[in-house]
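The values are calculated or read from the model by the stated rules, or taken from the named source; none is laboratory data. As the structure is a computational prediction, the values presented were derived from the model and not from experiment. Cβ placement follows ideal geometry from the backbone for every residue including glycine, while neighbour counts extend to all protein chains displayed.
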Amino acid sequence: MKIYISADMEGITGVTHWNEVEHNKPSQYTQFQERMTKEVLAACNGANDAGATEIWVKDAHYSGRNILSEYLPKNVKLIRGWSGHPYSMVQELDSSFDALMMVGYHSMAGQGGNPLAHTMSSSKLDSVYINDQQTSEFFLHGNVAGKHGVPLVFVSGDAGLCEEVKEVSPNTTTHATMVGVGDSTISIQPEESRNMIQKKVADTLKGDTKSCIWKHPGSFVLRIRYIKQQSAYRASQYNGATLIDAKTVQFDTDNYDEIMRFMLFTV
Ligand SMILES: [Zn+2]
């Protein structure tokens with residue numbers, strides 16, 4: 001059983017402030033870097049409890065160089081940094097994987113649920129819609145798994161995200177690390193959080209994972225509202241893109257890979 005884990009940081013248990021997820025603020029970051037690593041480890045342990053043979057982990061936060069690899073089990077391959085491939089937070093994901101899991105993910109741009117809520121870029125994007133569904137990093141990358149027929153079996157992150165997951169993908173197991181309230185969080189205890197992650201991942205992988213495969217529509221309409229009109233105008237120059245209003249660009253395609261490619265070059 002070959003497993004893919006995509007790990008972000010803003011939804012790791014207790015993370016509340018940008019200083020805690022930025023490596024150039026070591027006095028605050030280091031504690032949460034270790035916590036992120038341990039939550040990924042808990043997911044790996046759960047996968048191994050269920051019989052995983054191979055686990056690929058994508059360090060998918062900021063520099064892509066956060067996870068402390070010496071903590072991880074021996075059957076893990078860790079992807080660090082950013083290749084420049086459109087699949088971004090799920091780089092190298094393909095149909096050879098038996099399941100995708102997301103750890104430390106967070107609520108989307110334009111929503112409450114996490115003091116650090118955003119989608120891909122907190123400085124550039126106001127909101128992203130795919131086929132009128134407001135889109136988070138979970139939804140954007142979950143669709144890559146859907147394209148390849150890989151079930152998205154487990155997501156951990158803030159409670160707001162978990163609600164979104166349940167609406168979009170009701171059979172996916174969720175684990176809420178905390179509730180975001182305005183600029184604060186109310187989180188569960190980190191060790192308890194890890195214990196729950198390990199158990200939920202193991203139970204999920206032993207169950208019916210096929211029910212977590214997303215079915216794709218035949219075509220996609222991507223609509224991005226940028227924070228600055230200058231960014232929208234620039235993105236509207238992408239082949240096939242249309243400027244809808246000063247800050248909004250639309251891009252239509254029947255190939256989901258082209259959505260991810262558009263994001264790569266215009267965000
Ligand atoms: Zn992040």
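All of (1) touching a Ser or Thr at 6+ places or on another chain (Cβ under 7 Å); (2) under 25 Å from ILE3 (Cα atoms); (3) among the polar types (S, T, N, Q) hold for SER236 with one exception: (2).
So, TYR238, is that one without any contact (Cβ under 8 Å) to a residue 60 or more places away in the chain, touching a helix residue (DSSP H, G or I) at 6+ places or on another chain (Cβ under 7 Å) and farther than 19 Å from ALA145 by Cβ or not? For TYR238, the condition - without any contact (Cβ under 8 Å) to a residue 60 or more places away in the chain, touching a helix residue (DSSP H, G or I) at 6+ places or on another chain (Cβ under 7 Å) and farther than 19 Å from ALA145 by Cβ - is met. Does ALA52 meet the test of being assigned by TED's automatic domain parsing to the domain that holds THR172, assigned to a helix (DSSP H, G or I) and more than 14 Å from the ligand (Cβ to nearest atom)? Here the answer is no, as ALA52 does not meet what is asked.
Taken as a whole, the condition of being within 15 Å of the ligand (Cβ to nearest atom), assigned to a helix (DSSP H, G or I) and over 17 Å from LEU78 (Cβ atoms) does not apply to ASN24.
Given the structure, is SER27 polar (S, T, N, Q), farther than 20 Å from VAL150 by Cα and modelled with pLDDT under 95? Taking the combined requirement at face value, the residue satisfies it. Within segment 236-248, can one find any residue that is acidic (Asp, Glu), at pLDDT 95 or above, exposed (fewer than 12 other Cβ atoms within 10 Å of the Cβ) and over 21 Å from LYS38 (Cβ atoms)? Taking every residue of segment 236-248 in turn, at least one turns out to be acidic (Asp, Glu), at pLDDT 95 or above, exposed (fewer than 12 other Cβ atoms within 10 Å of the Cβ) and over 21 Å from LYS38 (Cβ atoms).
For segment 132-169, taking the residues that are more than 16 Å from the ligand (Cβ to nearest atom) and of a type in the set (Val, Ile, Thr), the one that is farthest from TYR4 (Cα to Cα) is identified as VAL168.
Could you tell me whether MET36 is closer than 21 Å to MET89 by Cβ, part of a helix (DSSP H, G or I) and within 16 Å of the ligand (Cβ to nearest atom)? Yes. Among the numbered conditions (1) touching a helix residue (DSSP H, G or I) at 6+ places or on another chain (Cβ under 6 Å); (2) assigned to a helix (DSSP H, G or I); (3) more than 16 Å from the ligand (Cβ to nearest atom), the only one that PRO86 does not meet is (2).
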